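Enquirer: Sharing a structure here in structure tokens format.
Computed from the coordinates by the stated procedures, all read-outs in this text should not be read as laboratory data. Please read all numbers here as calculations on a predicted model, not as lab measurements. Every residue, glycine among them, receives a Cβ derived from its backbone with ideal geometry; neighbour counts consider all protein chains shown.
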Amino acid sequence: MKPILIFSTANLGVSIVNTTFLGYILFTYTTFLGWDTGIILIGVALLVGRLVDALVNPIVGSASDNLRSRWGRRKPFILTGVGPLIVLFILIWNPPIWLGVNAVIIYLFITIPLFDAIFTYVVVPYYALLPEIAVTSEERVRLSMWGNIFALFGTALGFLLAPILFYNLSYLWGSIILGIMVFGTILVVIHPSIKEREEFQKIERVSFMRAFKESLKNKPYQIYLVNQIAIQFAFRVLSAGMVFVATSVIGLAFDQSVIVMTGYFVGSLASFYFWKYLASKIGRKKAYIYSMMIFTIPLAAIWLLLVIKGMAAIIFGIIISLVAGVGTGGMWIFPPIFVADIVDEEEQKKGLRREAIFYGMQEMTEKITISIAIFFEALILGMFFLYSIPDPANPGAFLNFYNPIGPLLTIGGLGLIAMIIGLLSFRKFPDKLAGKRV
């Protein structure tokens, strides 16, 4: 149990970084720059950065798979990358506003690709440890469950703590505090109890191009990637869009937007054991499909906020978040296990062991998907922008307001369509890899 808890602790830090970035980068930079510079331009900067990073993912995965050292194939990447990751995380939230709009845009185009690349350098080898630490199906479910419990707390800290720190202290001190937390939690993964399997270092090395092509030929992995592209798109527009829903639709202040997201974390945390139990009864594939169905419900129901107002809107927003959280619990637990099973099957058939390239390619597709999601979200919000006013709590920054249709269309339009695609695509995933019993 000790290795599981130590491995899962690192997921806390990973989630703090990822959630804070994806949840608030678009909102934050529109407050830095004001709307007259164009949210679409900010969206393009984020899109370019994430696309560049997407190309790095499979390269890092292949390099980690082929590394042979006395410290293993994964830990050297984590140890050497966590420091630069924290530095870049702090830099992203503190652009040189005093140099003007053009300088901030250039700053975005430089810091975001670097941040994303270093994040990949650390995270892909970290996730590739999962099939080595947990060998049996039961162990993998347990590890994934605990990893996601810690990830949920990291997501909560990113969603709930970040705006409070940024708004009540400053972006500088807020990012430093979060950065220290991330550094300490990720670094624990180098603990001696986290042992890589020595026999895997003796398996044949595979060139990057061969590994890339072989992975794309894997039929179950193709189905898995299509599904992940769809649900990651839906999840990202929800996570990034809820702050706009809270402020422009429900009418809460930025630092009060955390109220709406409270239900999300309660629902996710409460559902983990439920999904583990359900998988033991009906299999992981069916349980995963049910989790996606539940997540789809609030994406459609969010349109009711057009007619629900006042305190009722706040309560309804919390309920929507609660239901989305229950669905997210299953959507977080099962996918890493599916990848681990795909890796095992390929080793049995071809004698190749390539955990990191599979996780790296997944990260690549997710980064491209997230980039597209952010771009379209920025595009739609730009179409429904109303006005800006100076932010009294942050001199030089702005508070932006939108027609409620904009934030709702990103979640209840784009997100809903993506989830339907994700549901339909995963029906073809082979049952033998989805685990009839845990």
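Enquirer: What percent of all Cα-Cα pairs in the stretch 68-127 falls in each 5 Å bin, counting up from 0?
Expert: For the stretch 68-127, the binned pair fractions read 4, 19, 22, 17, 13, 10, 7, 5, 2, 1 percent.
Enquirer: Would you mind computing, in nm to one decimal, how far apart the modelled labels at LYS2 and ALA270 are, each placed 7 Å from Cα along Cα→Cβ?
Expert: 3.6
Enquirer: Quick check on my link table: of LYS217/LYS428; LYS285/LYS428; LYS2/LYS285; LYS219/LYS285; LYS286/LYS428, which ones sit more than 18 Å apart, alpha carbon to alpha carbon?
Expert: The answer is LYS2/LYS285.
Enquirer: With a Förster radius of 30 Å, plug the Cβ-Cβ distance of LEU216 and TRP98 into 1/(1 + (r/R0)^6) and report the FRET value to the nearest 0.05. The partial results should precede the final answer.
Expert: Working: r = 47 Å, r/R0 = 1.57.
Rounded to the nearest 0.05, the efficiency is 0.05.
Enquirer: Working out 0.36 nm times the residue gap between ILE315 and ILE177, then minus their Cα-Cα distance, what length gain in nm do you get to one decimal? Each step should come with its number before you reach the end.
Expert: Details: separation 138, 0.36 × 138 = 49.68 nm, distance 3.10 nm.
Full extension from ILE315 to ILE177 adds 46.6 nm.
Enquirer: Taking every alpha carbon pair in the stretch 254-311, what does the distance histogram look like in 5 angstrom bins from 0, in percent?
Expert: Pair shares across the bins are 4, 14, 18, 21, 17, 11, 8, 5, 2.
Enquirer: Distance from the Cα centre of the stretch 147-161 to that of the stretch 225-260, in angstrom?
Expert: A separation of 15 Å, based on Cα centres.
Enquirer: Within the stretch 231-247, what residues put their amide N at less than 16 Å from the label point 7 Å along the Cα-to-Cβ vector of ILE417?
Expert: 231-238
Enquirer: For a footprinting-style exposure proxy, rank ARG142, ARG74, ARG284 by other Cβ within 10 Å, fewest first.
Expert: ARG142, ARG74, ARG284
Enquirer: Using the count of nearby Cβ atoms within 10 Å as a rough guide to exposure, how do MET331, MET181 rank from fewest to most?
Expert: Result, fewest neighbours first: MET181, MET331.
Enquirer: Which of THR262, THR369 has the fewest other C-beta atoms within 10 Å, and how do the rest follow up to the most?
Expert: On the way: THR262 17, THR369 23.
Least to most surrounded, the residues fall as THR262, THR369.
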